Each structure stands twice: as C-alpha cells, then as structure tokens.
Amino acid sequence: MIVDKTKLGLAFFDESFGGVYRGRQVLCWGRRGSGKSILACHFLNQALQDGDKALMLSKYRPQDTVIIAESLGMPFADAVTSGQLTILEYNTFIPESNASANVMLPPQSFMELQETVESQSIRRVAFDSVLPWVAIQPVTRIAEHVYSFIHALERLGVTSLLTLPKPVSNPSYSLKNRLEDLCPVALHLDHTEGQNRVLRVTKYLGESHKLSTPFPFAIIPRAGIACEEPAPSRTLPPARTTPDTPWPADRPTAPTAVVPDPAAAGRKPINFSSVIRFPE
C-alpha cells in the first residue's frame, strides 16, 4: 500500500508536515470564532487549485459560505457556477420530517451523498460541523456511528475535513475523543481574549515528534489564515547615552503564500447502506 499525501491548504502547515494523508480524515476542533469554517474554506480551495472537485456540507446557507470565501480571496462563486464545488446545507439536504434529522444523515441522504460524490468524481468533502452527532441516543452509540461513518468515507476514497466546536458536555467530549482516535490528523484552533490565534497539531500519525510546535496565525482579508512568525530575536541596544538615541523598531513579517500541489487519486465505490447502521 502506498501512503500518499495531499496539501491541506495552509502553506505553513503543508511546509511542516507535507500535507495530510490522501483519502483519510482531518479533525479540526476549537471554540466558537476560532476559524474552523475558514480553515474548511482553505481545505476546499486547495481542491479548486489542484483542479479537483469538492463538496461542502455546512450548517450555513450556501450563499453565506460563498460570501465568506470570496471575502478571503477564494473563487467559490465561479467554482459553484462551473460545478467544481458543491455546497449543501444540512437543513435542505436532510429532510426535516425525518426524526433523526438533527442527529445524523438518514439512509436516503447517505445514498444521495454517495451518488453526488461518485457521479461528480469529488475528491474532497468538508463537514462543517459534525456537532449534531452529540444528539445520538443512547450516547454509547456515538462511537458506533462515528466508526461506521469514518470507514465509509475511507472506502469512498475522499479526503475529508470534519469540524467540531470545543466540547462542553459529556456527549461532545465523547464525540471529540472518538473522532480524534479514528482521524490520523487532528488540529486544535484557539484564540485568547486578546484575539491571539494559534493552531496546534494535537495528532499526526507518524509525525509525533513535530507536535510540540504551535503555529500563531491571523485571519487576513483577501488572504484568510496566514501564519504569524514569532518576532525575530534581537540583542538589546546599549543604555541610552543621550535623550535622542533612537531604539530599533519592530517590523511585522509577511504571511506565507499558498502553493498548489496538483495531484489525483483513484476512488472505490461503496454502498453506504451496507456500512452505516442507524438507530431503530
């Protein structure tokens, strides 16, 4: 078996880790406003740069997702028009009449998802977010559902990103821990009251020696997430001898540009109904 990688869509991350594992999953979790949805846009924009087709299943209206992405310099409007990008909203993709609409995709919607991926040769899928899964009852079935869903995505052959808010309850902690167990890559986005943002790689299969280095970042208009390199160390100047002795000024560093890496991978069809089990 050949282990292949593809770019996540963040230059500083891809330069450090070489991207993420193709055909596998990436978990991205963090508090509200930490940048999870914006990272999902970067993830999908990388597919557009590579010439691949992508799908987003979002809690937001498709128009709102496009507006956000366009404000960050990502051509989502043209991609949607051309059919390279498909954006679906949970409320419209999942029939509200289904009792489990706020819990998981019902069987018919799974089949529609599979048909969309296969018929359009989609390579990347972003789920923003998977928080509704915490409503699965009983809670002990969360692990079963997550296991079935992750392995179904792998057999379908898509590289996927799953976002999750910071856990605040026992079911959400259970969901986060199970996802982190199964996903080979896990990212934690955080920001303080002073709006200092940081990305921490909490899991990267086979690269555990790199996990200690956090990535400070900023969200920049027309650019999105860009790494803020630490200020260069400098020797303090000697004590002033006259009142008008100038002190050296700090100079900000420029964000790193994203470089596309075109690649392609084969897919294997799968029947979701034969893999996913649903509560009775």
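Every number in this text was worked out from the coordinates using simple rules, so none of it is lab data. A quick note: this is a predicted structure, and the numbers were derived from the prediction, not measured. Cβ coordinates were reconstructed from backbone atoms using ideal geometry, including for glycine residues, and neighbour counts include every protein chain displayed.
Could you sort the peptides 10-16, 126-132 by per-residue average Cβ neighbour count (10 Å cutoff), highest mean leading?
126-132, 10-16
Rounded to two decimal places and with Rh computed the Kirkwood way over Cα pairs, what is Rg over Rh for the stretch 17-95?
0.95
Of LYS36/LYS166; LYS166/LYS210; LYS59/LYS166; LYS59/LYS203, which ones are farther than 20 Å apart at the Cα?
LYS166/LYS210; LYS59/LYS203
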